[in-house]
1. From the helices alone, meaning DSSP H stretches of at least four residues, give me the mean residue ellipticity at 222 nm for the chain, per-run term -39500 (n - 2.57), in deg cm²/dmol to the nearest 500.
2. Using a cut-off of 14 Å between beta-carbons, work out the net charge of the residues near residue 218 (Lys and Arg +1, Asp and Glu -1, residue 218 not included).
3. Apply the Karplus parameterisation 6.51 cos²θ - 1.76 cosθ + 1.60, with θ equal to phi minus 60°, to every residue of the stretch 412-417 and state each ³J(HN,Hα) to the nearest whole Hz, in sequence, with x for glycine and proline.
4. Given a Förster radius of 60 Å and the C-beta distance between residue 143 and residue 294 as r, what FRET efficiency does 1/(1 + (r/R0)^6) yield to the nearest 0.05?
5. Rg and Dmax of the chain, using alpha carbons, in Å: what are they?
6. Need one number: nm distance between label points at residue 20 and residue 132, each 7 Å from Cα along Cα→Cβ, rounded to one decimal.
7. Amide H of residue 289: which non-local residues (sequence gap of 5 or more, or other chain) have their own amide H closer than 5 Å, using H built in the peptide plane?
8. To the nearest 0.05, what FRET efficiency results for residue 394 and residue 111 with a Förster distance of 60 Å applied to their C-beta separation?
Amino acid sequence: MPSHRMPSEADVISTVEFNHTGELLATGDRGGRVVIFQREPESKNAPHGQGEYDVYSTFQSHEPEFDYLKSLEIEEKINKIKWLPQQNAAHSLLSTNDKTIKLWKITERDKRPEGYNLKDEEGKLKDLSTVTSLQVPVLKPMDLMVEVSPRRIFANGHTYHINSISVNSDCETYMSADDLRINLWHLAITDRSFNIVDIKPANMEDLTEVITASEFHPHHCNLFVYSSSKGSLRLCDMRAAALCDKHSKLFEEPEDPSNRSFFSEIISSVSDVKFSHSGRYMLTRDYLTVKVWDLNMEARPIETYQVHDYLRSKLCSLYESDCIFDKFECAWNGSDSVIMTGAYNNFFRMFDRNTKRDVTLEASRESSKPRAVLKPRRVCVGGKRRRDDISVDSLDFTKKILHTAWHPAENIIAIAATNNLYIFQDKVNSDMH
């Protein structure tokens, strides 16, 4: 569902997240707005036709602020959105910019009370001397209204920029991570958080790595993982100690000396980490690859997939244009059998873990027409070229797919391409299309 305006910086989508049922999809943008899409119910005329996603609610989550002590502007860009498990008819989500996390409640109203004793139709108080009889107010139907209200504001917990938030499986706590620290919050308490990881050295000149992402285990509320700019993952157990600076497990792949270059450390930085739905595996993304790690094996990943290996020879120009620092995310499908991540030129990649097949697809206006079928794309590196191949030199590095999300149960994916949100679904079978 692409928008057809000239993209302004504020419209660029900065995060995409399905809720736990997949009925709702939230996006955040650089302008501090959150847009929630709701899946339409299946129609009676086409019972097997999947419902489309339509705009359900839009609200301003964050405004630009100014830190007067540090003379720093705090931009309104939404870094992450996380849905809370639904406890009642209302929905709740957390949204964060660089510094402040907010808890929002989304409720529906389709009835309004009428027939008050002490108020007239406009809501003004009646003259009490005119009230001669009692009437029972009744609820009358009205047009559906979606109301979004801020329930809590979690501020002043971070000195550095927040890069991730993750809700715990206990449904009572969540954590937020910045470059050097991870804090644990209770969802009901805004004025204090517990620092559970602190990698800040006594002297900042000794700083060698930063935290890039973190996530709670989906089933064990005591376990969480965080990734670093040096390519390592640390699994921590909150039962072991209050401060989890000593990790329980360190996942790190030894570097291949033959691949050593000036860019080795930059491209090994992990930009995203996601536990599988089963909780057995972790998926990580670095600049050129996605890797699957088994929680029971720290020495090396069990699977490594090349996202765009043809860029290995282009690292110098990607460094000069700062593209080498782009932070791509990764996602699992509902059954943990397929993984997805973005690339350049509005391409995104899918890897089937069972068949070992992989595909490159493109999020574009042509492919987003109703019932259009996504055609696999190929990038060629010199030599023979097939008809539809794209030369590596003609790739558009300004068109990058950093943010993707996969429906928790079905083959529906959401792809953020700059200011456009594309939703693709597999109508036929559960293969990768």
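1. -500 deg cm²/dmol
2. Surrounding charge for residue 218 is 0.
3. Each residue of the stretch 412-417 in turn: 10, 10, 10, 10, 9, 10 Hz.
4. According to the calculation, E is roughly 0.70.
5. 24.2, 94
6. Taking the two extended label points, one gets 5.6 nm.
7. Placed amide hydrogens put 307 under 5 Å from residue 289.
8. Details: r = 57 Å, r/R0 = 0.95.
The pair residue 394/residue 111 has a calculated efficiency of 0.55.
The values are calculated or read from the model by the stated rules, or taken from the named source; none is laboratory data. Note that the structure is predicted; figures quoted are calculated from it, not measured. Cβ atoms come from the backbone with ideal geometry, glycine included; neighbour counts cover every protein chain shown. The protein model used for the area step is the full one, side chains on, heavy atoms only, and it has no ligands, DNA or RNA in it. Shrake-Rupley method; radii C 1.70, N 1.55, O 1.52, S 1.80 Å.
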